[in-house]
Amino acid sequence: MRFASHRDIARALERALRRAGVPVAFSAGFTPHPKLSYVNAAPTGVASEAEYFEITLAEPVAPDEVRVRLDGAMPDGLDVVEVVEAAPGGLADRLQASEWLVELPGVDPDDAAEAVAAFDAADTVEVERLTKKGRRRFDTRAAVLHLRVDGRATRGRDETYAILRMVVRHTTPAVRPDDVVNGLRRVADLAPLSSPVMTRLAQGPLGGAPDAIADPLAADVQADPAGSTVETPRPTPPARSSADE
């Protein structure tokens, strides 16, 4: 599913809403559209355990009923793990930063640690990326709130590789985890042997610590505690095999 684009995900979500019989409200006009907002989608090629969307319903339905019906209609690899009734305020405003896990094949953890130190010490780390408006140059350093090598996760494997964990503030233009990897290449000539494997672990409002991201749905649950349901277990990601890597 990491190779599905945000448009693919949005189309799958719209089809699942129809199959599940969820009474989604539609916009007015000659070409009505479902009132569905999928904000801050992960880039194509990136896995995610923390995607969020908002829907407007035409009639009241219990949040847990929406979750069960919609999750049953979604394709394999897309799981609806929580649904809450929205409190006032936009969801997009709460998604201030993301936590990422990035696997770097062929990179020694000690070399990665030296590159991270060089990145942290730099005032700016500029990279280039092709955007819809053409090639654009921007700073990645200011958006990175926390960056470290996860040494514990690099043990117990035969091949050489390093794992990074980073918290990146949502900015304009957006700084993606691959931009940070390119920044490490720029400041320390750090280059993985193949494409990094990137996974978003969380996104939401920033907490007190630089690497703390709070639950963006917590405000909605607190606003309507009587309507909240018993939390259901989140699906466990499938174990990676050597063939997957």
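The values are calculated or read from the model by the stated rules, or taken from the named source; none is laboratory data. Note that the structure is a prediction, hence the values are computed from the model and not measured. Virtual Cβ from ideal backbone geometry, glycine too; neighbours counted across all protein chains shown. Side chains included, ligands, DNA and RNA excluded: accessible areas come from the protein's heavy atoms. Shrake-Rupley method; radii C 1.70, N 1.55, O 1.52, S 1.80 Å.
Computed values, structure above
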quantity	calculated
Portion, in percent, of the accessible area of region 1-142 that falls on carbon or sulfur, probe 1.4 Å	50
Folded to 0 to 90 degrees: helix 109-121 orientation relative to the chain principal axis, Cα	80
Most to least accessible of Asp111, Asp76 (protein chains only, probe 1.4 Å)	Asp76, Asp111
Residues with amide H under 5 Å from that of Leu145, placed H, sequence gap 5 or more	Val167, Val168, Arg169
Region 162-213, Cα convex hull volume normalised per residue, Å³	103
Other-chain or far-sequence residues with amide H under 5 Å of Ile213's (modelled H)	Gly207
In sequence order, calculated HN-Hα J values of region 12-21 (Karplus, 6.51, -1.76, 1.60; Hz; x Gly/Pro)	4, 5, 4, 5, 5, 4, 5, 5, 7, x
For region 53-180, alpha-carbon Rg over 2.2 N^0.38 Å	1.41
By average C-beta atoms within 10 angstrom, highest first, the peptides 133-140, 28-35, 100-107, 81-88	100-107, 81-88, 133-140, 28-35
Rounded to whole Hz, the Karplus (6.51, -1.76, 1.60) HN-Hα couplings of region 31-44, x for glycine and proline	10, x, 10, x, 7, 9, 10, 10, 9, 6, 5, 5, x, 4
Inter-part distance where region 63-86 and region 104-144 are each reduced to a Cα centre, Å	36
Solvent exposure of the chain as accessible area per residue, Å², 1.4 Å probe	58
Sites Thr56 and Lys132 - FRET efficiency at Förster radius 35 Å, r taken between beta-carbons, to 0.05	0.80
Two-site label geometry, Ala209 and Arg148: point separation in nm, points 7 Å out along Cα→Cβ	0.7
0 to 90° range, to nearest 10: angle between helix 177-188 axis and the chain longest Cα axis	10
Ranked order, Arg129, Arg165 - accessible area, probe 1.4 Å, largest first	Arg165, Arg129
